[in-house]
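Undergrad: First the structure, then my questions, so here it is.
The values are calculated or read from the model by the stated rules, or taken from the named source; none is laboratory data. Just so it is clear, the structure is predicted and the values come from calculations on it, not from any experiment. Cβ placement follows ideal geometry from the backbone for every residue including glycine, while neighbour counts extend to all protein chains displayed.
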Amino acid sequence: MISYFLQLAVIAAVAVYLYRWRMEVRSRNAQSWNSLLSQLRPDWSPRDLSKKFLWEEGIDATPEDAWQRMDGARGLWVIYQNARVLLQMADFAEKNCPNPDRLLLETLRSDAMQIRVCVLVALTRYAFSHASEGVRINAFRAALMYTGMAARMTQLLQENAAIILPDFVAAM
Amino acid sequence: MSVESAIGVLGALLLVFLTVVLARKRVYCDYPVFFTCQIWCLSSTIVGLIASSLPPDDYLRYYVVSLVVDALFQFSVLAELGRAVARHNRRGSPRWTVIALFLLPTALLLHSVLNWSTPTGLTSFGLFYVRLQQALPVLLVAFLLALIWWSRLKGLHWPDLPLQIASGLGAYFLVCLSVAILHTHQEVGEAYHWADVAQSGSYLAVLGYWLLKLS
């Protein structure tokens, strides 16, 4: 009897997995530029860290200053989530734009991976040692990479979807 | 008219409508195997309705052959979906060694979890049929899961049509697997037979789903 319920549990688990995968794919297929822009977190912007945010990579602050201006872990989490959305935007551009710059797309994918790893390391260290120097340096690196990713995304949109560039700038 | 014949006639009608819809949308250009599979299903349904008047042993032989051909078509359709997804994402076709590496442990895992027992009093051919009925859904579910995992690993997008085909096939494979599990806890009889009828009914639901989505 137990093996019978185990078998049914396996079938149910596979069914749930297939259903969730299908919902995820349908949701991605239904994406639009506007739906992606609406997923960007508006509660903090790296404009506090750089006057040329979105146009150039770089931060006009020291690691200590940057940590204060990004409101610590909150800013890191915004960077983490927005990096995921920017990655989805790169995927969307690849799918929907004619001849997008492939090197730029691969760089954006690499940026997203590095930013997310850096943020996770920073947040983990923050959980154990609060705002130590190592945490602030990791946060600074993540924010720096994020400004680079945002500038590359601006370049991608300028080349392929200029019409939504003003909305992107406003959302960021 | 018996329930089985009614399901057969309804299935044939749905397959005719589906084939017409697929032909009008020129699905045969991009998905020739899927299109051919529907024509095969229509032919085998019509032949099955005619063959249902044969003696049980002869009908069983016909049914086993059609079951094997069905499974070969379903594997081929899944492979076609994999190629279509790779093509849509401008990537090379799936590396079949990667798929096989996923498929083998998945099939072993599924099989190790399931307790395969068979009804008593079967002929050797009947036993072969029951084993086939148990093994094929496991392999088909494993292959579908392997394709999905490969596409998730590569971050590939599934266009609407392959997603709809995979959804229908996935639902049907799970029903077949559930019926196979149910049969391991049944003896041959009325309940055994109605489980098979329910399985056929589920394929009608899949055909209806495809008609709804594609028309």
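Undergrad: In the stretch A:1-100, which helices (runs of 4 or more DSSP H) lie fully inside it and hold 2 or more residues that are among the basic types (K, R)? Show your work before the answer.
TA: Details: elements: A:2-29, A:33-37, A:63-69, A:73-96.
It comes to A:2-29, A:73-96.
Undergrad: Quick test of your reading of the structure: A:V14 fulfils all but one of (1) in contact (Cβ under 8 Å) with a residue 60 or more places away in the chain; (2) within 7 Å of chain B (Cβ to nearest Cβ); (3) not basic (K, R). Name the failing condition by number.
TA: (1) is the only condition that A:V14 fails.
Undergrad: Within 14 Å of another protein chain (Cβ to nearest Cβ), without any contact (Cβ under 8 Å) to a residue 24 or more places away in the chain, under 30 Å from A:A93 (Cβ atoms) and not hydroxyl-bearing (S, T, Y): is that true of B:R83 in this structure?
TA: Working: within 14 Å of another protein chain (Cβ to nearest Cβ): no; without any contact (Cβ under 8 Å) to a residue 24 or more places away in the chain: yes; under 30 Å from A:A93 (Cβ atoms): yes; not hydroxyl-bearing (S, T, Y): yes.
When the stated conditions are applied, B:R83 does not pass them.
Undergrad: What is the one condition in (1) farther than 30 Å from B:Y192 by Cα; (2) surrounded by 13 or more Cβ atoms within 10 Å (Cβ to Cβ) that B:C29 does not satisfy?
TA: For B:C29, the exception is condition (2).
Undergrad: Can you tell me which of (1) assigned to a helix (DSSP H, G or I); (2) under 28 Å from B:L18 (Cα atoms) is the one B:H157 doesn't meet?
TA: For B:H157, the exception is condition (1).
Undergrad: Looking at this structure, is A:G72 crowded, with 16+ Cβ neighbours inside 10 Å, over 15 Å from the mean Cα position of the chain (by Cα) and on the phi > 0 side of the Ramachandran plot? Give the steps one after another, and end with the answer.
TA: Values: crowded, with 16+ Cβ neighbours inside 10 Å: yes; over 15 Å from the mean Cα position of the chain (by Cα): yes; on the phi > 0 side of the Ramachandran plot: yes.
Taking the combined requirement at face value, the residue satisfies it.
Undergrad: When you scan the stretch B:96-116, do you find a residue that is more than 17 Å from B:A142 (Cβ to Cβ), part of a helix (DSSP H, G or I) and not aliphatic (A, V, I, L, M), even just one?
TA: Going through the stretch B:96-116, the residues more than 17 Å from B:A142 (Cβ to Cβ) turn out to be B:115.
Applying the additional criterion that residues be part of a helix (DSSP H, G or I) yields none.
No; the residues of the stretch B:96-116 include none that is more than 17 Å from B:A142 (Cβ to Cβ), part of a helix (DSSP H, G or I) and not aliphatic (A, V, I, L, M).
Undergrad: Could you identify the single residue in A:S3, A:S27 that is closer than 30 Å to B:L109 by Cβ, within 14 Å of chain B (Cβ to nearest Cβ) and surrounded by 14 or more Cβ atoms within 10 Å (Cβ to Cβ)? It would help to see each step written out before you state the result.
TA: Values: A:S27 fails: surrounded by 14 or more Cβ atoms within 10 Å (Cβ to Cβ).
Checking each option against the conditions leaves just A:S3.
Undergrad: Sort out which residues of the stretch B:151-165 are more than 8 Å from chain A (Cβ to nearest Cβ) and either crowded, with 21+ Cβ neighbours inside 10 Å or of a type outside the set (A, V, I, L, M, F, W, C) (or both), and write them in order of number.
TA: First pass over the stretch B:151-165, keeping only residues more than 8 Å from chain A (Cβ to nearest Cβ): B:151, B:153-154, B:156, B:161-162, B:164-165.
Selection gives B:S151, B:K154, B:P162, B:Q164, B:I165.
Undergrad: Separate question: Could you please give the count of residues in the stretch B:1-32 that are of a type in the set (F, W, Y) and in a helix (DSSP H, G or I)?
TA: In the first step, residues of the stretch B:1-32 are kept if they are of a type in the set (F, W, Y); the result is B:17, B:28, B:31.
When the remaining residues are screened for being in a helix (DSSP H, G or I), the result is B:17, B:28.
Residues in the stretch B:1-32 being of a type in the set (F, W, Y) and in a helix (DSSP H, G or I): 2 in total.
Undergrad: For the list (1) touching an Asp or Glu at 6+ places or on another chain (Cβ under 6 Å); (2) without any contact (Cβ under 8 Å) to a residue 60 or more places away in the chain, I need the number of the one condition that A:A151 fails.
TA: (2)
Undergrad: Also: Cβ-Cβ under 6 Å, sequence separation 6+ or interchain: first residue in the stretch A:71-91 and within 24 Å of A:A61 (Cβ to Cβ), partner part of a helix (DSSP H, G or I) and hydroxyl-bearing (S, T, Y). Which pairs?
TA: Qualifying pairs under 6 Å: A:A73/A:Y126; A:I79/A:Y146.
Undergrad: Going through B:V47, B:V33, B:V9 one at a time, which residue ends up being β-branched (V, I, T) and touching an Asp or Glu at 6+ places or on another chain (Cβ under 8 Å)?
TA: Values: B:V47 fails: touching an Asp or Glu at 6+ places or on another chain (Cβ under 8 Å); B:V9 fails: touching an Asp or Glu at 6+ places or on another chain (Cβ under 8 Å).
From the options B:V47, B:V33, B:V9, the qualifying one is B:V33.
Undergrad: For the condition at pLDDT below 90 and part of a helix (DSSP H, G or I), what is the one hit in B:A198, B:A135, B:A171?
TA: Values: B:A198 fails: at pLDDT below 90; B:A171 fails: at pLDDT below 90.
Exactly one of B:A198, B:A135, B:A171 is at pLDDT below 90 and part of a helix (DSSP H, G or I), namely B:A135.
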